[in-house]
Every structure is written in C-alpha cells, then in structure tokens.
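Written out below as structure tokens is the structure these notes cover.
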Amino acid sequence: MVDLSNNFLGKTAPNPTVLASGFMGVTGLSMASAAKHGAGMVTIKSLSLQPRKGHKTPVIVGFDMGMLNAVGLSNPGVEFGVEELKVAKKAAKVPVIASVFADTTENFAKAAAAVMPAQPDFLEIDISCPNVDSEFGIPFAADPKSATDVARAVKKVVGSVPLIVKLSPNVTQIVPIAKAVEAAGADALNCINTLKGMVIDPIARRPVLTNKFGGISGPALKPVAIRCVYECYGAVKIPIIGTGGVTTGQDAVEMMMAGASAVGVGSALYYRGLDAFNLIATEMKDWMKKEGFSSPKDLVGLAHGQ
Ligand SMILES: Cc1cc2nc3c(=O)[nH]c(=O)nc-3n(C[C@H](O)[C@H](O)[C@H](O)COP(=O)(O)O)c2cc1C
C-alpha cells in the first residue's frame, strides 16, 4: 500500500507536492483551489512591504523546453496579502507557506513580521529572484554574507514559524550559500528559483521580454534544480523543497531521490492545468507501487547511495 502523505518539519501534507510561489497569485481562495486540485502545501506569490506593479509587458514567453519570465515581483503588498493568507489558512486545509521579499535586510524583517498575524505554517523568503537586478542589485542569495544577514534578521521576527530560504541557481557554488543560511537559522531550503536567461525574437531583432532578461522555469530547469538539490542535500541537515521543472510524477520521484523532502510545482500548471498536482501525485503513487515503495520519505536522498 502506498501512502503519499508527507511530513515536512512536523506538518502533515496529503502528498509531497507544493504550489510554488508566483503561480495562482495571492488570493486565499486561489491557494485553496490549488489544494482542492491536489497540492500538498501551498505558497503565496511573494509579497513586498508596498504594492508593486512589476515590469512592462511582455513579461513572459514560452520556448520549446520551458518558460522565461520577468514579471518583476508584481504583488498587492503585505497588508493585502496577510488577509489573503488568513483566508488560505481557513480554506486550504493544507499547510500554507507565506512568502516575502524586500530590498534591504531590514525590510525583509519588516515584511516577515507583517505576515505573521496570519499564522502561516511556514515563512519562505525569496532572496533569489533574477528579474529585479536593475532595481535591487545582485540578489541576496548570490552572496553567503548577504544571505546570512537576511536569514538571521528574519529568523528573529518569525518566532516558532519555520523559515524556508529560497536559493538561486545563478551562483557558481550553491553549497556555501546553503550552509550559510542553515547556520543563520534557516529551518529548510527551497532549491531553486529561476535561472537567468534570454529569448530573442529574430524578426523583431531584439529580446522578447521588455526586461530583456528573465528567469527560466519548466522542463529546461529540471536538471539544474536536481543538481542543486543533490549538492545541498549532501551539505546541510535541514530539509529541502526541490523546485524546478517538475511536471510528472517521475520528475517528483527524481527530485526526492536527489534529496528533496517535498517538491515544488509551478510551470507544470501551464502545461497540465490546475490538475497538475493530482496528476503528479497519482503518477508518483503508481510509480512507487510498481517499484515497491510505500512512503515518499523512503525516496529522499536515495540517489546518494549508501
Ligand atoms: C511567472 C512566475 C512568477 C514567479 N514568481 C515568484 C515569486 O513571486 N516568488 C518566488 O519565490 N518565486 C517565484 N517564481 C519562481 C517559482 O516559484 C519556481 O521557483 C520556478 O518557477 C521553478 O519552478 P517550476 O519550473 O516548477 O516553475 C516565479 C516563477 C514564474 C514562472
């Protein structure tokens, strides 16, 4: 018998899938809808202290193996988001992850404190968006010292709410960053945010996105995400949400074998619709049944051998 229920830092989810931040927006009911369609946990679109418009369109383009986006972290701000998180907490019936980002360490702590009244099950900090460099400079996730400062400052204001730090693949070495945020008090990692890229329109003779650069997500990102999860799993003791290109149940199995304890799902919603969560969970279950596994926890880190 396969039982897909999954324990992540003491919270039980019906399966290892997690709605990734940035998909399904910021409303409590849209997060609840993802849960109804099988998401094991749900993450709100990252919130900032003040509302943000984001970049000028076009902000998203598909290519043969994935998507490139430079939405620019548009969101209605923490004041709006905290109320929606309260709705999600009541309606979703699965663990709810708040997500915040900011331009300074101090504002990260302020944004984190502002969502605490919603009592999210976890707080994720997005220190790794690759699409806002022109405004915010190099992401905090690109440097162990900056990543440490933010993680430490946020940890001070979240009390008993576990802190998840979302890391970037846009670094030469991810392991020192992972170790630094673990030492700073992070309770979990989310590997990874999008990979910086560009798509050119040959007829227009210019990049498609107004921001020129964007973040690659979807199937093209999967091997990068799996590599990052694998490297971090070997270096830290805290659990990892593996995010990047998971589209099928087998992708989720591979991510867990690399070392993920839960699996983020984002772009798959574009390819498979909202039912992606149910489909991925069912495919995982079928795969595990065929291969003789009874619980997702038995898959975690298997690719590392004995
Ligand atoms: C349109 C779009 C918006 C996103 N917004 C956020 C965000 O607000 N915060 C965040 O931490 N990650 C954001 N991400 C990154 C995703 O959460 C995820 O890390 C990435 O897309 C890789 O997963 P996937 O291949 O399953 O989509 C966004 C990604 C996309 C494509």
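The values are calculated or read from the model by the stated rules, or taken from the named source; none is laboratory data. All of these numbers come straight from a predicted model, not from anything done at the bench. Backbone-built Cβ (ideal geometry, glycine too); neighbour counts: all protein chains shown. To get the accessible areas, we keep the full protein, side chains included, count just its heavy atoms, and leave off ligands, DNA and RNA. Shrake-Rupley method; radii C 1.70, N 1.55, O 1.52, S 1.80 Å.
Things worth noting here:
- Summed residue charge, Cβ within 12 Å of residue 4's Cβ, Lys/Arg positive, Asp/Glu negative: -1
- Whichever lysines have a C-alpha closer than 22 Å to that of residue 212, once near sequence neighbours (fewer than 8 apart) are set aside: 53, 56, 196
- Once you reduce the stretch 78-124 and the stretch 232-305 to the center of their Cα atoms, the two points are 25 Å from each other.
- Length-normalised contact order for the stretch 162-244 - Cα pairs under 8 Å, 6+ apart - percent: 36 percent
- Given charges at beta-carbon only (K, R positive; D, E negative), |dipole| of the stretch 200-249 in Debye: 120 debye
- Sorted peptide list for 37-49, 81-93, 179-191, 195-207, criterion being average Cβ within 10 angstrom, highest first: 37-49, 179-191, 81-93, 195-207
- Selection from 68, 104, 114, by position along the positive dipole direction of the chain (Cβ): 114
- A Cβ-based charge dipole, computed about the Cα centre of the chain with Lys and Arg at +1 and Asp and Glu at -1, lands at about 280 debye.
- Å² of accessible area per residue within the chain, as computed with a 1.4 Å probe and no ligands counted: 42 Å²
- The chain - percent of accessible surface contributed by carbon and sulfur, probe 1.4 Å: 56 percent
- Average projection area in nm² (convex hull over Cα atoms of the chain, one quarter of hull surface): 14.5 nm²
- The packing ranking, built from the mean of other Cβ atoms within 10 Å per residue, places the peptides 248-259, 100-111, 289-300 in the order 248-259, 100-111, 289-300, highest first.
- For the stretch 6-304, relative contact order (Cα pairs under 8 Å, six or more residues apart, normalised by length) works out to 18 percent.
- Of 229, 287, 88, farthest towards positive along the dipole that unit charges on Lys, Arg, Asp, Glu beta carbons give the stretch 6-304: 88
- The stretch 120-171 shape via C-alpha gyration tensor axes, a/c threshold 1.5: prolate
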